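Report on the following structure.
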């Protein structure tokens, strides 16, 4: 089993699987033997996640990529639909935002800046309306809590009790949607 080690001032060992890559994050003074023991203790978890990552890569390989025209059409739709949903949800949550930007992103669905600017992925137009709302609510709630604390999620659930079920849909289908925008 090959792996990359990243040493830093952290206090604990952790391991991450992405595709066929295993990355171990370790405290500066952790010995190679300690890291090997850690990986051996977590072998079952690693093998499970490596298989899962390989399956995801194979599934991505069969996904049709969107053309530039299709992506532009999605951006046009998003520039209309997403600000409407943000305008609906902002007073429900009790926040105000600055500007909204629509992009075609390959790794995230939305983000919120400290200045109150919101960014959304045009690929949200390919999700069910409830999933779109869950992302809008999530980003708007960041205007109250710029973290993912219990208080943040309590705010999200208060506004949208179905949030977790909608996020489950995104977890199951989101990676395939994001892969549609990846360059070949």
Report summary line: If one compares the long axis through the Cα atoms of helix 68-93 with the longest principal axis of the Cα atoms of the chain, the angle in degrees, nearest 10, works out at 80 degrees
Query raised in the report: Between rounded, prolate and oblate, where does region 101-157 land on the alpha carbon gyration tensor, with a ≥ b ≥ c its root eigenvalues, rounded for a/c under 1.5, else prolate if a/b exceeds b/c?
Result: oblate
Query raised in the report: With the contact rule set at Cα under 8 Å and sequence spacing of 6 or more, what percent relative contact order holds for region 4-61?
Result: 33 percent
Query - For region 1-62 versus region 145-184, the gap between their alpha-carbon centres in whole angstrom - result: 25 Å
Query raised in the report: Can you give me the relative contact order of the chain as a percent, contacts being Cα pairs under 8 Å and 6 or more apart?
Result: 18 percent
Query - Matching label, log10 I(q)/I(0) by the Debye sum over Cα atoms at q = 0.09, 0.10 Å⁻¹ computed from the structure shown, candidates (1) -0.44, -0.54; (2) -0.26, -0.33; (3) -0.34, -0.41 - result: (1)
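How much mean residue ellipticity at 222 nm does the chain get from its helices, if each DSSP H run of length 4 or more adds -39500 (n - 2.57) and you divide by all residues, to the nearest 500 deg cm²/dmol?
After summing the helix terms and dividing by residue count, I get -17000 deg cm²/dmol.
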Report task. Select from 155, 41, 70 the residue whose mean-square fluctuation is largest in a Gaussian network model of the chain (Cα-Cα springs shorter than 10 Å). Result -> 41
Report task. With everything on Cα atoms, drop me the angle between helix 150-159 and the longest principal axis of the chain, reported from 0 to 90° to the nearest 10. Result -> 30 degrees
Query raised in the report: Which of 46, 71, 13 moves most in a GNM of the chain, Cα contacts under 10 Å?
Result: 13
Query raised in the report: Rounded to the nearest 5, what is the percent of antiparallel bridges among the DSSP beta bridges in region 4-61?
Result: 50 percent
Report task. Go ahead and set up a Gaussian network model of the chain, Cα springs under 10 Å, then flag whichever of 105, 167, 16 fluctuates most. Result -> 16
Query raised in the report: Helix 32-41 versus the longest principal axis of the chain: what angle, 0 to 90°, nearest 10, using Cα atoms?
Result: 70 degrees
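Where a number appears in this text, it was derived from the coordinates with a stated rule and is not lab data. Every value quoted in this text rests on a predicted model; they were computed, and no experiment measured them.
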